[in-house]
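**Student:** Take this structure, written in structure tokens, and hold onto it; I'll ask about it next.
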Amino acid sequence: MKKFINAPENVVTEMLEGLLFAHSDLLKTADDNVKNIVRKDAPVKDKVAIISGGGSGHLPLFLGYIGEGMLDGVAVGEIFASPSSSQILSVTKQVDSGKGVLYLYGNYGGDVMNFDMAGEMAEMEGIQTAAVIGTDDVASMPKGEEDQRRGVAGLFYLYKMAAAKAEEGSSLEEVVRVTEHASRNVRTMGVALSPCTLPEVGKPTFNIEEGQMEIGMGIHGEPGYYKGKLQSADDITSTLIEEISEDLSLNQGDEVSVLINGLGATPLEELYIVCRKVKDIFLDREINIEKVYVGEYATSLEMAGLSISVLKLDDELKRLLHRPFNTPFHKQL
Amino acid sequence: MKKFINAPENVVTEMLEGLLFAHSDLLKTADDNVKNIVRKDAPVKDKVAIISGGGSGHLPLFLGYIGEGMLDGVAVGEIFASPSSSQILSVTKQVDSGKGVLYLYGNYGGDVMNFDMAGEMAEMEGIQTAAVIGTDDVASMPKGEEDQRRGVAGLFYLYKMAAAKAEEGSSLEEVVRVTEHASRNVRTMGVALSPCTLPEVGKPTFNIEEGQMEIGMGIHGEPGYYKGKLQSADDITSTLIEEISEDLSLNQGDEVSVLINGLGATPLEELYIVCRKVKDIFLDREINIEKVYVGEYATSLEMAGLSISVLKLDDELKRLLHRPFNTPFHKQL
Amino acid sequence: MYSEELNDEMNSLEINDIKSIIIKLKTIMEENKDDLCELDAALGDGDLGLTVSKGFREIAANIDELAVKDIGNLLKRSGFILADKVPSTMGTLLASGFMQAGKLLEGKESLTPNEAATLFEGMILGISKRGKAAIGDKTIIDSLYPAHKALEVAAAQELSLKEAFKGAYEQARLGAEHTKEMQSKFGRASKYLERSIGHQDPGATVGALIVEGFHLYINEGNK
Amino acid sequence: MYSEELNDEMNSLEINDIKSIIIKLKTIMEENKDDLCELDAALGDGDLGLTVSKGFREIAANIDELAVKDIGNLLKRSGFILADKVPSTMGTLLASGFMQAGKLLEGKESLTPNEAATLFEGMILGISKRGKAAIGDKTIIDSLYPAHKALEVAAAQELSLKEAFKGAYEQARLGAEHTKEMQSKFGRASKYLERSIGHQDPGATVGALIVEGFHLYINEGNK
Ligand SMILES: Nc1ncnc2c1ncn2[C@@H]1O[C@H](COP(=O)(O)OP(=O)(O)O)[C@@H](O)[C@H]1O
Ligand SMILES: Nc1ncnc2c1ncn2[C@@H]1O[C@H](COP(=O)(O)OP(=O)(O)O)[C@@H](O)[C@H]1O
Ligand SMILES: [Mg+2]
Ligand SMILES: [Mg+2]
Ligand SMILES: [Mg+2]
Ligand SMILES: [Mg+2]
């Protein structure tokens, strides 16, 4: 294991201390717990608050999306582990302005149970909550079982849409409606080239041989559906886009936004090579790319690999997509 | 070699095509050459233009810094190879508004020769140019030979200062003065954990054994001055800050900005662990960190490692530091 | 360390026995940490060993401050610690299990064989309420349930605690092994579909280890 | 393929010979690509083999469109191609060398042994003007310079081209090897300070390969 860390069990706390220092202009803690992070200006008056949470090791997910035009708060777990219900409750109380709180997170057992518990506790304290669960990972369950799928990089789009809608002054119900609508229209497919190592475990959780790749792998190393010879960037891109387009029933004339996401160790240069091919494929199919995001948006420690997310747009989603946001990691003017 | 590429010799061109598509709102080409990239609104009236350039494989360096508050144009070379003098000339012509052009790049033989040649050619065409060369890498040459040092991540600060000064309407001479002043006050130290692979070579250019690290390594794999057992994040940080502080003669009461830069494969989480220690060290020494940047600012393909850059501030540099910028990769509001 | 000697005739578990068992579980989970991580790496994200060893470590560290008299309270508060300190899937489920068992055993200062069976019934109830999994879904339930059945039968037959837990452990172990033939229906592992078959479920293994802790303490006086 | 046979008496290089030599250099650089990258990996960034093989490939690909009569022009335009296509340190230095050599041989349709020496003089001049390095600085100059000296002496002694280049190649090879004992003063390698000692300079190796190309063509009629 080659990592810049001190004691493995302190990785998350120390990381958060550094992060809170670096972004003290945008972030603060709730209840003095570095694992409970909210917007500096929380609670934001007259706005539905959006909360997310999940395990660490995915920066900028999750806490990296706190900020104007994005999330109000995040409960941070240990590496690849859910935050606790009491953390979520504490963040909930800190961000609620009275208009209710949306829990928006990825579909993983631990997270679901803890957000559920937190929601029950919040209700007892008179705070209205609702939940939308990200399930964008096409590879994780077959068609027909969409709501069983894992949530991965497509969460970025759900955050964006929910937050933009909330900023327009919408009610919790309206925010939920738009977010669920976005969720039905976003798909992600990933491919990995190398594993990642949990600091406390000290060795990779799986192995991908030299010259091999794995399509469909999840952001915690959950295995994909195809393991085989590493193909060219163009061929891989075609495969991923093919799967997404079919699952999303993309047709000529559709408008989309595309997110090309690096999993950790993959150079930006390679993401742009993939971006070029996506452009060519969609140009060819007369599908309009309204906006493309390229970079690290949801990582898996030092895993080499990438994912492509596609959001199918309608007029409302398009309007929301272009609203600005300002987070520690990504900004849109 | 595990990379998302097509033919290795097309890596740079294909990457640039994807990048120009993704950021068509901010960038355009000069002379229809994808390797000559300038601001969408170039030439910017009544402003000294800032140009950089160098080999590919370092994104966001160099072209990722094109944009308002940063560079006007960049001549892009192949992986780790200088752009040609005719490319630089073409970019020069495209960005010059009549107020002159600053060539601002890292100290590498190929780049120096080609910028020199371009400057001679530009002069023949009546365009005034000047050059400032980044030499921030402490480890690359001993004290006393500062101007022989390599330029690495500290270039970010030179871009920032030069561009902010230019935007204030200053003359080329003034911009040169400030940039040289910044250059004398910025230092970088890097540490690598794993090598990178040139796509056309197909295997790593060097090797760092499991459990080992190399301090002082350059961003093309130029070797460092110390190879040894991987230490804790805190110990490594102390070593790097120690070297920088001494070389920069930092004293109690000084004000600095710090850039903690990932070389490619190192997770953001680890950079923040380092950030935490930097904060503690400087707090202890009563050195004020005015602003900290954490992320990937100058990479080396998929190398695992990081660098720390420190810029010593005075009032002018501080003012310039806080001016906003808007580039495809990093933005400051 | 807390309990009096269990002699062959003794047929109840005092609160100090429960505390000692928890401390024993801490050791067992620590010893099995790497194996559990490896099982979880094959079907999940490879962290299960960390979660459970940390979970029992946290309870054990606070065991003296937890209720001294009431077993129900001890279990509930152990559940709170798990919920707080190891909120992963397994941690949260165990938390729910401990809390539910605590509810069922409220006020008890010692457990009869029948009440020992109730402890495991509560565990299963809490886990299935929170996680919605049933028998055969390839989860921790598939080792806890047969153990619970064995304890109930043993109590009905008025077997000694030693006999009861010997049988329960045997059933739990078999149950865990049996998960190899099942397909995961819950958690990360469920995404493997039929490819999950062939691997033993890490959670079910934890279930068997918990029963083993009781068994070893009671049968080997391993305090 | 372009040249008439060089017979033993023949003692000049025609433009077609120069073209053939460039094509031969393309092959040599291609064959030595990996070795050169490896030498450069030890002292620099590991790309030198790519640069020089690509550089000569680009010239060779355009050789028919380059001047057909004037050797000076051929060299100059080859230099332009290098400057454009392989603007790394070595590419840019070779470009400067070719351009300078072209300047010195302007109008020449064939080269006497003395003028062949001038070609290398021009190379060295162009390279040192651009790069500021001198003999002993562990650069390409350290193989080109002894070769040039040998050619000058051979011309003064009126030796045949074959003899001249045999000697020149020997000197270039020795010169390149000799760089092992030197400390790099320029380029990335200079940052190694005394640790650069012991490694052969990749650029000097390229210099020796260039002389080898002339030598093989002239002495083995390897066209
Ligand atoms: N809904 C569920 N009900 C009962 N047990 C479950 C459920 N989901 C997962 N499990 C158990 O949890 C184990 C994995 O736990 P853990 O490693 O903590 O999960 P994660 O790391 O995904 O949070 C599985 O082996 C399985 O036995
Ligand atoms: N200033 C210089 N003058 C002459 N030769 C030089 C100079 N600097 C470097 N070299 C030569 O260039 C070689 C490296 O070339 P190259 O790999 O193209 O460099 P880079 O990859 O750094 O651009 C060295 O081995 C050395 O022989
Ligand atoms: Mg987990
Ligand atoms: Mg190079
Ligand atoms: Mg797990
Ligand atoms: Mg080189």
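**Student:** Roughly how compact is the range B:246-291, stated as its Cα Rg over 2.2 N^0.38 Å to two decimals?
**Tutor:** On the way: Rg = 11.9 Å, N = 46, 2.2 N^0.38 = 9.4 Å.
Ratio of Cα Rg to 2.2 N^0.38 Å: 1.26.
**Student:** If you count, for each residue, the other Cβ atoms within 10 Å and average over each peptide, how do C:106-115, A:57-66, A:12-21, B:40-49 line up from highest to lowest? List each step's numbers first, then the result.
**Tutor:** On the way: C:106-115: 15.9, A:57-66: 27.1, A:12-21: 22.7, B:40-49: 17.9.
My ranking of the peptides, most packed first, is A:57-66, A:12-21, B:40-49, C:106-115.
**Student:** Give the cross-link partners of D:Lys54 among the aspartates and glutamates, using a straight C-alpha distance below 17 Å as the criterion and excluding same-chain residues fewer than 8 apart.
**Tutor:** B:Glu9, B:Glu78, B:Glu200, D:Glu30, D:Glu31, D:Asp34, D:Asp35, D:Glu38, D:Asp40, D:Asp45, D:Asp84
**Student:** For a 24 Å ceiling on Cα separation, which of these pairs sit above it: A:Lys227/B:Lys2; A:Lys3/C:Lys138; A:Lys227/B:Lys35; A:Lys28/B:Lys165? Write out the running numbers ahead of the final one.
**Tutor:** Details: A:Lys227/B:Lys2 14 Å; A:Lys3/C:Lys138 35 Å; A:Lys227/B:Lys35 36 Å; A:Lys28/B:Lys165 33 Å.
Going by Cα-Cα distance, A:Lys3/C:Lys138; A:Lys227/B:Lys35; A:Lys28/B:Lys165 fall outside the 24 Å limit.
**Student:** How far is D:Thr112 from the same spot in each other copy, in nm, shortest first, if each label point sits 7 Å from Cα toward Cβ?
**Tutor:** Computed spacing set for this position: 12.4 nm.
**Student:** Continuing with the same structure: When chain D is modelled as a GNM with alpha-carbon springs shorter than 10 Å, which of D:Ala155, D:Ala61, D:Ala133 fluctuates the most?
**Tutor:** Evaluated over chain D, the most mobile residue of the options is D:Ala61.
**Student:** Follow-up. Any idea what the alpha-carbon Rg over 2.2 N^0.38 Å comes to for the range A:266-333?
**Tutor:** Cα Rg divided by the expected 2.2 N^0.38 Å: 1.25.
**Student:** Taking each residue of A:226-232 in turn, how many C-beta atoms of other protein chains fall within 10 Å of its C-beta, and what is the average?
**Tutor:** Counting Cβ atoms of other protein chains within 10 Å of each residue's Cβ and averaging gives 2.
**Student:** Could you run the Karplus curve 6.51 cos²θ - 1.76 cosθ + 1.60 with θ = phi - 60° over the range B:177-182 and give me ³J(HN,Hα) per residue in whole Hz, x for Gly and Pro?
**Tutor:** 4, 5, 5, 5, 4, 4
**Student:** Counting only residues 5 or more places away or on other chains, whose amide H sits under 5 Å from the amide H of B:Gln212 once H atoms are built in the peptide plane?
**Tutor:** Counting only residues 5 or more places away or on other chains, the set is B:Leu230.
**Student:** On to the next question. Find the all-direction average of the projected area of the Cα convex hull for the range D:17-171, expressing the result in square nanometres with one decimal place.
**Tutor:** Averaging across all directions leaves 8.5 nm² for the Cα convex hull.
**Student:** Is the shape of the range B:178-243 best called rounded, prolate or oblate, per the rule: a/c under 1.5 gives rounded, else a/b larger than b/c gives prolate, else oblate, with a ≥ b ≥ c the square roots of the Cα gyration tensor eigenvalues?
**Tutor:** Here the range B:178-243 falls in the oblate category.
**Student:** Could you tell me the extents of the range D:9-69's C-alpha atoms along the three principal axes, largest first, rounded to whole Å?
**Tutor:** Taking the Cα atoms of the range D:9-69, the three principal extents are 42, 29, 15 Å.
**Student:** Taking a quarter of the surface of the Cα convex hull of the protein assembly as shown, what do you get in nm²?
**Tutor:** Approximately 46.3 nm², given one-decimal rounding.
**Student:** Now for a different question. Could you tally the net charge around D:Ala134, taking each other residue with its Cβ under 11 Å from the Cβ of D:Ala134, Lys/Arg +1 and Asp/Glu -1?
**Tutor:** Once all neighbours under 11 Å are counted, the net charge is +1.
**Student:** If the reach is capped at under 13 angstrom between alpha carbons, list the aspartates and glutamates near A:Lys318, excluding any in the same chain fewer than eight residues apart.
**Tutor:** Those aspartates and glutamates meeting the cut-off are A:Asp254, A:Glu255, A:Glu290.
**Student:** Can you list the copy-to-copy distances for B:Asp25, using a point 7 angstrom from Cα toward Cβ, in nanometres, shortest first?
**Tutor:** Computed spacing set for this position: 2.1 nm.
**Student:** Can I ask one more? Let me check I've understood the local charge: for A:Phe329, count other residues with C-beta under 12 angstrom from its C-beta, Lys and Arg +1, Asp and Glu -1. What total comes out?
**Tutor:** Details: positive: A:Lys331, B:Lys331; negative: A:Glu296, B:Glu296.
With Lys, Arg at +1 and Asp, Glu at -1, the net is 0.
**Student:** Still on this model: For a quick check: with amide H placed at 1.01 Å from N, whose amide H comes under 5 Å from B:Tyr226's, ignoring anything fewer than 5 positions away on the same chain?
**Tutor:** B:Ile215
**Student:** Shielding by partners for B:201-209, please: the mean number of other protein chain Cβ atoms within 10 Å of each residue's Cβ.
**Tutor:** Mean shielding count: 4.
**Student:** All other residues with a Cβ under 13 Å from the Cβ of A:Asp247 taken together, and with Lys, Arg as +1 and Asp, Glu as -1, what is their net charge?
**Tutor:** Working: positive: A:Lys143, A:Arg149, A:Arg184, A:Arg187, A:Lys312; negative: A:Asp136, A:Asp137, A:Glu145, A:Glu146, A:Glu242, A:Glu243, A:Glu246.
Taking every Cβ under 13 Å from that of A:Asp247, the sum is -2.
**Student:** To one decimal in nm, how far is B:His181 from the same spot in the other copies, if labels go 7 Å from Cα toward Cβ? Please give the shortest first.
**Tutor:** The answer, with the shortest distance listed first, is 5.4 nm.
**Student:** Further, regarding this structure: Per the helix-only calculation at 222 nm, which mean residue ellipticity applies to the protein assembly as shown, given -39500 (n - 2.57) for every DSSP H run of n ≥ 4 and division by its residues, nearest 500 deg cm²/dmol?
**Tutor:** -14500 deg cm²/dmol
**Student:** Now for a separate question. So how compact is the range C:62-126: Cα radius of gyration and Dmax in angstrom?
**Tutor:** Considering the range C:62-126 through its Cα atoms, Rg and Dmax are 11.2, 32 Å.
**Student:** A further question follows. Report, by chain and number, residues whose modeled amide H sits under 5 Å from the one on B:Thr197, excluding near sequence neighbours (fewer than 5 apart, same chain).
**Tutor:** B:Glu302
**Student:** For the range A:275-308 and the range D:5-82, what is the centre-to-centre distance using only Cα atoms, to the nearest Å?
**Tutor:** Here the two parts' Cα centres lie 41 Å apart.
**Student:** While we're looking at this one, here's another question. Sticking to Cα atoms, compute the Rg of the range B:19-111 to one decimal and its Dmax as the biggest Cα-Cα distance, whole number, in Å.
**Tutor:** 11.8, 34
**Student:** Counting each pair of different Cα atoms once, what's the Kirkwood radius of the range B:186-323 in Å, rounded to one decimal?
**Tutor:** Kirkwood hydrodynamic radius for the range B:186-323: 15.4 Å.
**Student:** Sticking with this structure for a sec: Once all Cα-Cα distances of chain A are split into 20 Å bins that start at 0, what whole-number percent is in each one?
**Tutor:** With 20 Å bins starting at 0, P(r) equals 34, 59, 7.
**Student:** May I have the convex hull volume per residue, in Å³, for the Cα set of the range A:76-141?
**Tutor:** 83
**Student:** By what distance, in whole Å, do the Cα atoms of the range A:8-185 stretch along each of the three principal axes, largest value first?
**Tutor:** Computed over the Cα atoms, the extents are 44, 40, 29 Å.
**Student:** Quick one: which of A:Lys99/A:Lys312; D:Lys76/D:Lys132; D:Lys76/D:Lys108; C:Lys76/C:Lys108 span more than 19 angstrom between C-alpha atoms?
**Tutor:** A:Lys99/A:Lys312; D:Lys76/D:Lys132
**Student:** Normalised radius of gyration for the range D:134-223, please: alpha carbon Rg relative to 2.2 N^0.38 Å, two decimal places.
**Tutor:** On the way: Rg = 14.1 Å, N = 90, 2.2 N^0.38 = 12.2 Å.
Working it through for the range D:134-223, the quotient is 1.16.
Here, each number is a calculation from the coordinates, and none is a lab measurement. A quick note: this is a predicted structure, and the numbers were derived from the prediction, not measured. Reconstructed Cβ throughout: ideal geometry from the backbone, glycine too, with neighbour counts over all protein chains shown.
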